1. Scan (1) loosely packed, with under 13 Cβ neighbours inside 10 Å; (2) among the hydroxyl-bearing types (Ser, Thr, Tyr); (3) in a strand (DSSP E or B) for the single condition residue 117 breaks and write down its number.
2. Which condition number in (1) under 13 Å from residue 161 (Cβ atoms); (2) surrounded by fewer than 20 Cβ atoms within 10 Å (Cβ to Cβ); (3) modelled with pLDDT of 90 or more is the one that residue 33 fails?
3. Sort out which residues of the stretch 131-165 are at pLDDT 90 or above, small (Gly, Ala, Ser) and either within 24 Å of residue 46 (Cα to Cα) or open to solvent by 60 Å² or more (accessible area, probe 1.4 Å) (or both), and write them in order of number.
4. I want to confirm something. Restricting to the stretch 36-60 and keeping residues that are farther than 21 Å from residue 100 by Cβ and touching an Asp or Glu at 6+ places or on another chain (Cβ under 7 Å), which single residue is surrounded by the fewest Cβ atoms within 10 Å (Cβ to Cβ)?
5. With 128, 102, 90 as the choices, which residue is part of a loop (DSSP other than H, G, I, E, B), open to solvent by 30 Å² or more (accessible area, probe 1.4 Å) and at pLDDT 90 or above?
6. Looking at the stretch 94-119, which of its residues are within 14 Å of residue 130 (Cβ to Cβ) and acidic (Asp, Glu)?
7. Between a residue in the stretch 111-123 that is without any contact (Cβ under 8 Å) to a residue 24 or more places away in the chain and any residue that is aromatic (Phe, Trp, Tyr) and open to solvent by 20 Å² or more (accessible area, probe 1.4 Å), which pairs come within a Cβ distance under 7 Å, given they are 6 or more apart or on different chains?
8. Would you call residue 110 modelled with pLDDT of 95 or more and either of a type outside the set (Ser, Thr, Tyr) or assigned to a loop (DSSP other than H, G, I, E, B) (or both)?
Amino acid sequence: MLFKAFLIEKYFFWWLLLATTEVLGEADLSIELNSFEVNKNYDTTWIDWNTMRMKKVGRNDYVFTGDLSVNRNLGNEQKVSLMIFAYDGEQRKKGMVVYANEKNVCTFLKDHDDIYTPIVQASNLPAEYVCPFPKGNYTVDNYSLNLDFLPSGTPKGQYMIEASLKNGMMAVSRIDIAVTIS
């Protein structure tokens with residue numbers, strides 16, 4: 001529940017296929033991206049993240065830019081899995097799980113079509129949401145991810161976010177995102 005308003009339900013499909021989250025209003029908290037890494041334990045059979053990167057452009061304001069290849073259609077058999085852990089950045093050690101959620105790709109996209117349009121405007125993604133999501137080579141050009149949404153009760157600290165794409169029960173791609181909330 002800790003991050004239900006923080007890093008799920010909106011932008012997290014796009015942490016996998018570009019990362020997204022639900023914006024709930026401005027807060028006095030700050031979020032700092034410590035790392036955004038494609039986990040190398042998975043091959044590029046499903047997704048090749050190519051040059052996709054996230055960079056900071058202002059306080060709580062990040063942009064996604066780069067290319068990615070979705071090498072297979074993504075439908076109801078595939079799932080987006082989000083796990084958020086307490087994290088010790090110095091030791092690079094995950095602590096307890098503070099949030100876990102999993103939805104099939106089509107449901108995830110359908111539930112968040114309100115965020116899909118702005119991403120389409122900054123990319124060459126299909127103009128209309130379709131299921132299955134079609135394989136293809138996609139380019140994102142400075143899609144702005146504004147993070148001024150943290151509820152005031154969000155605990156400060158370091159967190160590791162694991163955003164995975166699963167085929168059935170098996171993870172086939174993952175991005176690891178370390179953040180500090182202060």
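The values are calculated or read from the model by the stated rules, or taken from the named source; none is laboratory data. This is a predicted model, so every value here is computed, not measured. Because the Cβ atoms are built from the backbone with ideal geometry, glycine has one as well, and the counts that use them run over all protein chains shown. Areas reflect the complete protein model, heavy atoms only, side chains present, ligands, DNA and RNA absent. Shrake-Rupley method; radii C 1.70, N 1.55, O 1.52, S 1.80 Å.
1. Only one criterion is unmet by residue 117, namely (3).
2. (3)
3. Hits for the stretch 131-165 are 136, 163, 164.
4. By that ranking, first place goes to 51.
5. On the way: 128 fails: at pLDDT 90 or above; 102 fails: part of a loop (DSSP other than H, G, I, E, B).
The match here is 90.
6. If the condition is that a residue be within 14 Å of residue 130 (Cβ to Cβ) and acidic (Asp, Glu), then 113 is the only one that fits.
7. Close Cβ pairs (under 7 Å, with a partner that is aromatic (Phe, Trp, Tyr) and open to solvent by 20 Å² or more (accessible area, probe 1.4 Å)) amount to 113/129; 116/129.
8. Details: modelled with pLDDT of 95 or more: no; either of a type outside the set (Ser, Thr, Tyr) or assigned to a loop (DSSP other than H, G, I, E, B) (or both): yes.
No.
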